[in-house]
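Reviewing the structure listed below.
No lab work stands behind these numbers, since they all come straight from the coordinates. Being a predicted model, the structure only gives us computed values, none of them experimental. Positions of Cβ are generated from backbone atoms using ideal geometry, with glycine treated the same way; all protein chains shown enter the neighbour counts.
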Ligand SMILES: Cc1cc2nc3c(=O)[nH]c(=O)nc-3n(C[C@H](O)[C@H](O)[C@H](O)COP(=O)(O)OP(=O)(O)OC[C@H]3O[C@@H](n4cnc5c(N)ncnc54)[C@H](O)[C@@H]3O)c2cc1C
């Protein structure tokens, strides 16, 4: 059967865009449907949101040819400092001890999105933008997709559709794929602070009774803050004056970096663990946030989504080398099965952190304190934590 495209990627964001770049030299007719123009995206996105990139992620971005350009704008994480507010236990990880120059990097999400968007415009692939998927009919021989582009409706066909259209995936809804949702009842407050002391390439993760608080280095004296707490507490803190909010933040974080000052607006992100019930359907795959949304406590969402894209690109290239049908059911099912382990491990890791550290029930609090001291004194456990932080903990 002849199709307009071999592969149609819905969503040209961080994950969908990365997949298109990974396939730039593949003998495929690729279409990318993206709902937002660059101007629309810049007006919408939380410009200040930072992404912690694992070491494995940086290596993939390097292979995609986008890292070299953004590297000067990214801050290396050379130390990770994990502590528990009001308790003695803390653990530290150092890049040099692991024989690497950085455990990961921090970058403003918009910097990476802009770079990927620029690279997409230079590809041979057809970028259909701004356009939205509004209809989809998948069958054993191909997928027929209806797009709304301005006032116009277009019908295109593809041998394989990859949905990378984010947490609110239209493709998933059109296919009737249900989601498993666990509402954490928590909101992440995201903002930036300037600090009195030099951050010294350190990422701080501090566990408080309210929830985890991360300060990620953006500049020598500037950090991105992700502070997770119960919805109601977050609502209250979001409506506080800047001065009161800063005083609360300072009291929760302490004076590891001297006095801190608010450097950008605050935004709240309600947190849920969401997994689609399946990753593969007739000639359709879900990847990135369209498939899963994890708690940002350990900064794993994009790292995981990028591994979805890298793994898929690798398998597609092998399939193409044998001149085989890339939408074949057995192939899609194999890919979905292969991704389960990484997904399950990532969820287990982030969920475990939340369960262990978002409680002040004394026995648990003592146990986590002891665990942190033990972790600091027990190299094998520390190595495992470092592997997760660097993005090597999970295979794809
Ligand atoms: C507070 C917070 C902090 C985080 N911190 C980290 C971190 O430190 N490290 C990390 O790895 N991850 C982090 N994440 C997670 C990370 O942001 C996401 O996992 C990542 O952005 C997902 O990328 P995506 O491309 O799958 O989805 P998105 O970024 O949502 O992209 C989806 C794209 O699809 C387009 N689209 C949507 N609908 C349609 C349609 N119908 N037709 C066509 N196009 C469509 C959209 O315009 C968009 O461009 C964090 C998340 C939050 C909320």
Per 0.36 nm of contour for each residue apart, how much would the distance between residue 248 and residue 328 grow if the chain were fully extended, relative to their Cα-Cα spacing? 23.3 nm
Place a label point 7 angstrom from the Cα of residue 222 along the Cα-to-Cβ direction, then list the residues of segment 246-265 whose backbone nitrogen is under 15 Å away. 261-265
Return P(r) of the chain (all Cα-Cα pairs; 10 Å bins starting at 0; whole %; ordered from short to long distances). 5, 23, 32, 24, 13, 4, 0
If segment 165-275 were replaced by its equivalent ellipsoid, with semi-axes equal to the square roots of 5 times the Cα gyration tensor eigenvalues, what would those be, largest first, whole Å? 31, 16, 12
Packing-based exposure ordering (other Cβ within 10 Å, fewest first) of 348, 292, 3: 348, 3, 292
Would you mind putting 71-80, 215-224, 106-115 in packing order, based on average other-beta-carbon counts within 10 Å, highest first? 215-224, 106-115, 71-80
Efficiency of FRET between residue 240 and residue 180 - r from beta-carbon atoms, R0 35 angstrom, step 0.05: 0.55
Where both partners of a DSSP beta bridge lie in the chain, what percent of those bridges are antiparallel, to the nearest 5? 75
Between residue 196 and residue 73, what FRET efficiency follows from the Cβ-Cβ distance if R0 is 25 Å, with the result rounded to 0.05? 0.60
Using only Cα atoms, tell me the angle between helix 362-377 and the longest principal axis of the chain; keep it within 0 to 90° and round to the nearest 10. 80
Classify segment 256-313: rounded, prolate or oblate, from the alpha-carbon gyration tensor (a ≥ b ≥ c, eigenvalue square roots; a/c under 1.5 rounded; otherwise prolate if a/b is larger than b/c)? prolate
Quickly estimate the mean residue ellipticity at 222 nm for the chain, helices only: each DSSP H run with n ≥ 4 gives -39500 (n - 2.57), and the total goes over all residues, rounded to 500. -11500 deg cm²/dmol
Distance (nanometres) between label positions extended 7 Å along Cα→Cβ at residue 264 and residue 29: 4.1
Express the relative contact order of segment 142-181 as a whole percentage, based on alpha carbon pairs under 8 Å and six or more residues apart in sequence. 28
How far, in degrees from 0 to 90, does helix 329-357 lean away from the longest principal axis of the Cα atoms of the chain, to the nearest 10? 10
If each residue's Cβ is checked for other Cβ atoms within 10 Å, how do 32, 9, 347 rank with the fewest at the top? 347, 32, 9
When you count, for each residue, the other Cβ atoms within 10 Å and take the mean per peptide, how do 275-284, 160-169, 193-202 rank with the highest first? 160-169, 275-284, 193-202
Extended-chain gain in nm, criterion 0.36 nm per residue less alpha-carbon gap, residue 134 and residue 340: 71.3 nm
To the nearest 10 degrees, how steeply does helix 109-121 sit against the main Cα axis of the chain, on a 0 to 90 scale? 20
What is the chain's relative contact order, in percent, from Cα pairs under 8 angstrom and six or more apart in sequence? 21
Simple spin-label estimate for residue 277/residue 42, 7 Å along Cα→Cβ, in nm, reads 4.2
Hey, fewest Cβ within 10 Å first, where do 116, 287 land in order? 116, 287
